Amino acid sequence: MVDVESGLFTVAVFQNADWARKGLDALKQAGFPPDALSLMAKDGAENAPLFESTFGTGSERLDVAGVGAFLAKGRLLDVLQGTARDLTKLGISGTMRRVGFQPHDGRIFESLLAKGGVLVAVRSEPRAADALAILHSYGGGNAAIGAWSGRV
């Protein structure tokens with residue numbers, strides 16, 4: 001069952017921090033505020049500045065089950081973690097269902113992140129289609145809108 005408090009997330013994975021920065025800049029230019037954005041990426045010097053420039057602060061470092069050390073920040077992280085810090089136990093594929101994605105979607109996101117990709121998520125239900133178009137047009141792979149349960 002999808003937690004209605006989690007909201008609607010639009011998610012895409014960029015091949016690296018440079019591509020993600022272009023997508024994030026386009027989202028900001030389109031009026032999406034930083035508090036609507038979430039990021040996840042492998043822990044590394046090349047990804048840390050992306051969190052700083054996006055949020056004005058650093059990120060949380062966590063060990064994600066099945067993929068290792070990651071940097072993450074944003075509302076998506078809060079929802080996936082839950083109160084039991086589930087990302088460290090269940091991984092991305094085991095927790096993406098909370099925001100309306102199927103386990104196979106989570107496995108794809110998890111695999112792309114493990115290969116060095118940067119996951120960008122936007123929480124903005126009224127503008128989900130706008131976010132999807134921007135993420136897709138700036139190179140976000142596997143871009144999709146989750147949490148469609150009960151909306152069709």
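The values are calculated or read from the model by the stated rules, or taken from the named source; none is laboratory data. A quick note: this is a predicted structure, and the numbers were derived from the prediction, not measured. Because the Cβ atoms are built from the backbone with ideal geometry, glycine has one as well, and the counts that use them run over all protein chains shown.
Have a look at Leu77, Leu50, Leu62 and point out the one that is within 25 Å of Glu125 (Cα to Cα), modelled with pLDDT under 95 and hydrophobic (A, V, I, L, M, F, W, C).
Leu77
A quick yes/no check of all residues on (1) touching a helix residue (DSSP H, G or I) at 6+ places or on another chain (Cβ under 9 Å); (2) at pLDDT 90 or above; (3) within 23 Å of Asp18 (Cα to Cα):
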| residue | (1), (2), (3) |
| --- | --- |
| Phe70 | yes, yes, yes |
| Arg85 | no, no, no |
| Arg98 | yes, no, no |
| Gln102 | yes, no, no |
| Leu119 | yes, yes, yes |
| Leu135 | yes, yes, yes |
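Among the residues of region 14-48, which ones are among the polar types (S, T, N, Q) and touching a residue at least 40 places away in the same chain (Cβ under 8 Å)?
Gln15, Asn16, Ser38, Asn47
Listed residues Gly74, Gly100; which is in contact with a Phe, Trp or Tyr (Cβ under 8 Å, 6 or more places away or on another chain), closer than 13 Å to Met40 by Cβ and surrounded by 17 or more Cβ atoms within 10 Å (Cβ to Cβ)?
Just a single option satisfies the conditions, and that option is Gly74.
Go through Thr95, Thr83, Thr88 for me and flag whichever is more than 13 Å from the chain's Cα centre (by Cα), of a type in the set (S, T, N, Q), more than 21 Å from Leu135 (Cα to Cα) and part of a helix (DSSP H, G or I).
Exactly one residue qualifies, and that residue is Thr88.
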